[in-house]
Amino acid sequence: MRIVAFAWNHEGLGHVSRLAAITGELTRRIPGSSALFFVEQPYDILEEAGITQIPVPVPNSTFAGDITRVHDGDGDLAVTVEALRPFIASVLGRVNPVVALHDSVIWRPLYDVCLSAGIPQTLVLRERVRLADYLASISGELARFAGIVVPHAPADHLVEALAAHGDRVAFTGPVVRERRPPRQRWWRAAGEAGGRRLVVISAGGGGYDDVADYLSAMIEACSGIEEPLHVVAVTGPLFRGRLHMPPGFPHRVTALPYEPDLSHLFADADAAVTQAGYNTINELRLLGVPAVLVPSARGYDDQFQRAAAEAGDRLFVGKPVAEDVARALRSALALPPRPRPEEGGGSPLFEAGGGAAAAAEAILRRCPGLRTEGG
């Protein structure tokens, strides 16, 4: 039996991470099940989770509702829903799918085939800009979904926006990637020499056009920190730009496109810098990592609003200029040390599955034909 999903985007990894976390929880509950994802391109995070990936062309015309693509050069491929539908049907006809998942967007080829075959579908719907307008644009499709999983707390505006869908809606709290045992904390040995403090700069998936400027400004900000640092810049696997190092950079720096143990890297960090994407900000908050949030304009969500809502004792908001970020980073580094996970700290939401586990349970309740370990 297969849990099937469509993992969209070439700018970030939010859709991929959330779906991987939820399907991981589902496969643990459904005996003999595994996962198959249709993707724009293969992702390491899915391979490491043991998820079969099938790359497919994803033109704008294959989405339901009002979808804005913000990546420069996004043009519509000469591929239609009608051309993709028989291919998706042939794949699903061989794998015995028991449920289909979409994240934030509805991909029509998968939606149409599952609807025709009577395969229950669930939409993982995180907050976005102009949410009410978006829901109106997909109202016909939403009416046929077995469930709508919302990876947020039940804020009043979200409850109101989704009230028409009644008991099919489940608020689960944040869904974050599963924390597996770390393979090797290489950054510890690299940073301990010279007593360097660990600062992690994250660019999420790295596919947005502003990432090169953001990374350059954040590294320049670190050059203004007086105490010795080990700066780890995780550019994201979709980053295709160049990382600019200022002359005479005073700290040790490691740059890499992807870190499979990212949650453990965050957990060990003295401070982090991020653009306030959904996944990263939730991981940092759950881990209690002091962080500087440097939001950017996005077409689908409002990072400025998210950063402002999350700002507090351990999360500082900075403007995307080196001097301002350096000032906020000094404040983050000056906070008292926090308990590390191996010292009894960390968040039980990670260990218990958190929002991903709640999402899996919500899907199982709304798709009563699925068999679980309990029967």
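Being in a helix (DSSP H, G or I), aliphatic (A, V, I, L, M) and over 21 Å from Ala309 (Cβ atoms) is the filter here; which residues of the stretch 136-158 pass it?
Hits for the stretch 136-158 are Ala136, Leu142.
Out of (1) farther than 19 Å from Glu283 by Cβ; (2) open to solvent by less than 40 Å² (accessible area, probe 1.4 Å), what's the single condition that is false for Gly204?
(1)
Looking at the stretch 14-41 only, could you name the residues that are in a loop (DSSP other than H, G, I, E, B) and either in contact with a Leu (Cβ under 7 Å, 6 or more places away or on another chain) or over 12 Å from Leu238 (Cβ atoms) (or both)?
Ile30, Pro31, Gly32, Ser33
If Glu11 satisfies all but one of (1) open to solvent by less than 20 Å² (accessible area, probe 1.4 Å); (2) closer than 18 Å to Asn96 by Cβ; (3) assigned to a loop (DSSP other than H, G, I, E, B), what's the number of the condition it fails?
(2)
Considering each of Ala217, Ala233 in turn, give the residue that is in contact (Cβ under 8 Å) with a residue 40 or more places away in the chain and outside any loop (DSSP other than H, G, I, E, B).
Ala217
What's the total number of residues in the stretch 172-210 that are out of contact with any Lys or Arg (no Cβ under 9 Å at 6 or more places or on another chain) and closer than 30 Å to Glu127 by Cβ?
Final tally of qualifying residues: 14.
Taking the criterion of being open to solvent by less than 20 Å² (accessible area, probe 1.4 Å) and either touching a residue at least 60 places away in the same chain (Cβ under 8 Å) or over 25 Å from Ile51 (Cα atoms) (or both), would at least one residue in the stretch 73-90 satisfy it?
No, there is no match, as no residue in the stretch 73-90 is open to solvent by less than 20 Å² (accessible area, probe 1.4 Å) and either touching a residue at least 60 places away in the same chain (Cβ under 8 Å) or over 25 Å from Ile51 (Cα atoms) (or both).
The rows are residues; the columns are (1) within 19 Å of His152 (Cβ to Cβ); (2) surrounded by fewer than 15 Cβ atoms within 10 Å (Cβ to Cβ); (3) modelled with pLDDT under 90.
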| residue | (1), (2), (3) |
| --- | --- |
| Asp301 | yes, no, yes |
| Ala307 | yes, no, yes |
| Glu310 | yes, no, yes |
| Gly318 | no, no, yes |
| Leu329 | no, no, no |
| Ala334 | no, yes, no |
| Arg340 | no, yes, yes |
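May I ask you to list the residues in the stretch 286-307 that are of a type in the set (Lys, Arg) and without any contact (Cβ under 8 Å) to a residue 40 or more places away in the chain?
Arg306
Please give the number of the condition Val95 fails out of (1) in contact with a helix residue (DSSP H, G or I) (Cβ under 9 Å, 6 or more places away or on another chain); (2) open to solvent by less than 40 Å² (accessible area, probe 1.4 Å); (3) modelled with pLDDT of 90 or more; (4) not hydroxyl-bearing (Ser, Thr, Tyr).
With respect to (1) in contact with a helix residue (DSSP H, G or I) (Cβ under 9 Å, 6 or more places away or on another chain); (2) open to solvent by less than 40 Å² (accessible area, probe 1.4 Å); (3) modelled with pLDDT of 90 or more; (4) not hydroxyl-bearing (Ser, Thr, Tyr), Val95 is out only on (1).
The values are calculated or read from the model by the stated rules, or taken from the named source; none is laboratory data. This is a predicted model, so every value here is computed, not measured. Virtual Cβ from ideal backbone geometry, glycine too; neighbours counted across all protein chains shown. Keep in mind that these areas ignore ligands, DNA and RNA; they rest on the heavy atoms of the full protein, side chains included. Shrake-Rupley method; radii C 1.70, N 1.55, O 1.52, S 1.80 Å.
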